[in-house]
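Working notes, structure below.
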Amino acid sequence: MSDTMASAQDKRQRADQSARPRNADGRLWTIGARIASPIALIVIWQVASTVGLLSPRILAAPSDIVATAVRLIESGELITGIAVSFLRVVAGFSIAVFVGITLALISGLSRLGEAVIDPPIQMLKAMPFLGLLPLFILWFGIGEAPKIGLVAFGAIFPIYLTLHGGIRGIDRKLIEAGQTLDLGTPGIIRHIIIPGALPSLLVGIRYGLSVAWLSLVVGEQINASSGLGYIITYARDFLQTDVIVVCLLVYAMMGLLTDGLVRMIEAYALRWRPQVIA
Amino acid sequence: MSNLVDIRQLHRSFGGPAILDGIDLTIAPGEFVALLGRSGSGKSTLLRVLSGLDAAPAEKLEIPSRRSVVFQEPRLLPWKSVMDNVALGVKTPDSRSRASQALADVALSHRQDAWPLTLSGGEAQRAALARALVREPALLLLDEPFAALDALTRLRMHDLVFELWRKHKPAVLLVTHDVWEAVALADRILVLDQGRIAREIRIDAPHPRRRSDPQLTLVETELLQELGVEPSHA
């Protein structure tokens, strides 16, 4: 039996070897095909701008955008703006993580907690939270507070909902096993419930982060005196479409960056899952 | 010698008819008892009461607090390594060295750093066994622990459980529906039927027990009849 297994393995290896070059070629071709159309679009955009079909008042040329990006970075303007915006997201998102996890733990671990906390959260969740901005300005003025508040408020819901669902979805059989090991309630929460709900929580954190950046973009458009939003508002007044596009690209990159960070945490924290190991 | 487990008139029902209808059960220290029964006979309910997962009224209910359970599924925590899973069973400072000893006992030392989801069915169940034994239980409760394993692995697990029992000498209650498993391992076999203990058979045959032994075959046939299986199917 081991003979047939060994030969089967050999065959598979040989098949792998012969397939590898073709696979690599195939992958290159796929990547090439996927890049081709965005590049073509940028080329068309550049040509349209150069021949004057596309006015810079509508949209600046790609070459101008790159030049503007370099200029903004060299002057330090962009870096300061990124830092201010990033800190707003960090502050707001930290509040959301803390509040969301606390609420989800209370309502996930106790029936009373669920009865008290869950209904109002479900009601608030139904509200289009970006529409709360006028109220936030009335409550918190026009400083940092309404911006951070909006980021925090929007990001709480995905964190709360996924963690709450994760806690409720934990396998009863594992909790029973914990009981037979005399872990006690604190031990069961620490060793079984929290790690068991972690995969769901991390999904919520990733989703919450994208909501946080979205809230920031909206919050910063209004009466900002610093940050990326301020740069955009200023550029709009002077019809600088190149600056606006640079800032939008920065928003996108920041979103991708923070998402990648959470994915790295995910890959480490969930390394026990077969699909992550593989 | 006083009994380790002493239960009189245990009743349990879930609203409908009684699942356990006046059970009397005693287990001596170090005794290996097998509990047979058809599905729905109440054997799992009885084991849940003994493991403390379920409360039920009884005239007398003496169960040692030092007890461990191995379930039909390994129920290892997938986010802890095999070693950490086993160490979870003990709270002493030397829990890791005791866990590594327990893993050596079940021949799983080479897998101590593995994630549970990468173990084979037999390996996972051996890890569960180590997690139960590391607690040095006075009473080891086995709830159909080999039912989900393939036939070959199951036979190897029988030998392993027997060796471990001989080494650590806990009292064992093995719930099973595999008649040969009960005959091969137990000192005493109880048959549960409709919430009552319908039959009790003591087996004194020496170990290792061969399936070809005519006396054991006789016991096996008798038990199968008690469970409502015609001998021709045995």
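The values are calculated or read from the model by the stated rules, or taken from the named source; none is laboratory data. Model, not experiment: these values are computed from the prediction. Note that we place each Cβ from the backbone using ideal geometry, even for glycine, and neighbour counts take in every protein chain shown.
For the structure I just gave you, tell me whether A:Trp272 is of a type in the set (Phe, Trp, Tyr), outside any helix (DSSP H, G or I) and either farther than 23 Å from B:Thr118 by Cα or in contact with a Phe, Trp or Tyr (Cβ under 8 Å, 6 or more places away or on another chain) (or both). So A:Trp272 fits the description; yes. Given the options B:Ser41, B:Ser2, name the one that is surrounded by 22 or more Cβ atoms within 10 Å (Cβ to Cβ), away from chain A (no Cβ under 14 Å) and part of a loop (DSSP other than H, G, I, E, B). None of the others qualify; the one that does is B:Ser41.
Scanning region A:43-60 for residues that are part of a loop (DSSP other than H, G, I, E, B), of a type outside the set (A, V, I, L, M) and either without any contact (Cβ under 8 Å) to a residue 40 or more places away in the chain or surrounded by 12 or more Cβ atoms within 10 Å (Cβ to Cβ) (or both) turns up A:Gly52, A:Ser55, A:Pro56.
Taking the condition within 13 Å of chain A (Cβ to nearest Cβ) and modelled with pLDDT of 95 or more, does B:Val86 pass? So that I can check it myself, show each step before the final result.
Working: within 13 Å of chain A (Cβ to nearest Cβ): yes; modelled with pLDDT of 95 or more: yes.
Yes; evaluated as a whole, the condition is true for this residue.
The residue list A:Ser107, A:Ser85 contains one member that is touching a residue at least 12 places away in the same chain (Cβ under 8 Å), more than 30 Å from A:Asp171 (Cβ to Cβ) and in contact with a Gly (Cβ under 6 Å, 6 or more places away or on another chain), which is A:Ser85. Scanning region B:125-142 for residues that are farther than 18 Å from A:Asp182 by Cα and in contact with a Phe, Trp or Tyr (Cβ under 8 Å, 6 or more places away or on another chain) yields a single hit, B:Gln125.
Every test in (1) among the hydroxyl-bearing types (Ser, Thr, Tyr); (2) within 14 Å of chain B (Cβ to nearest Cβ); (3) under 28 Å from A:Pro62 (Cα atoms) is passed by A:Tyr230 save one, and that test is (2). Looking across region A:175-187, the residues that are among the hydrophobic types (A, V, I, L, M, F, W, C) and buried (at least 19 other Cβ atoms within 10 Å of the Cβ) come down to A:Ala177, A:Leu181, A:Leu183.
Among the residues of region B:137-177, just one is free of Cβ contacts under 8 Å to residues at least 12 places away in the same chain and either of a type in the set (Phe, Trp, Tyr) or within 14 Å of chain A (Cβ to nearest Cβ) (or both), namely B:Leu152. For region B:115-136, filtering for residues that are more than 10 Å from chain A (Cβ to nearest Cβ) and surrounded by fewer than 22 Cβ atoms within 10 Å (Cβ to Cβ) leaves 6. When region B:149-170 is filtered for residues that are within 14 Å of the chain's Cα centre (by Cα) and of a type in the set (A, V, I, L, M), the ones remaining, listed by number, are B:Met157, B:Leu160, B:Val161, B:Leu164.
Anything in region B:53-76 that is within 13 Å of chain A (Cβ to nearest Cβ) and either assigned to a helix (DSSP H, G or I) or surrounded by fewer than 20 Cβ atoms within 10 Å (Cβ to Cβ) (or both)? List them, or say none. Matches in region B:53-76: B:Leu53, B:Asp54, B:Ala55, B:Ile63, B:Pro64, B:Ser65, B:Arg66, B:Gln72, B:Glu73.
Of the numbered criteria (1) more than 8 Å from chain A (Cβ to nearest Cβ); (2) closer than 24 Å to B:Leu173 by Cβ; (3) outside any helix (DSSP H, G or I); (4) in contact with a helix residue (DSSP H, G or I) (Cβ under 8 Å, 6 or more places away or on another chain), the one B:Arg98 fails is (3). Identification of helices (runs of 4 or more DSSP H) wholly contained in region A:105-208 with 1 or more residues that are hydrophobic (A, V, I, L, M, F, W, C) and away from chain B (no Cβ under 13 Å) yields A:111-125, A:133-140, A:144-168. Of all the listed residues (B:Ser109, B:Ser81), the sole one being surrounded by fewer than 20 Cβ atoms within 10 Å (Cβ to Cβ), among the hydroxyl-bearing types (Ser, Thr, Tyr) and more than 13 Å from chain A (Cβ to nearest Cβ) is B:Ser109.
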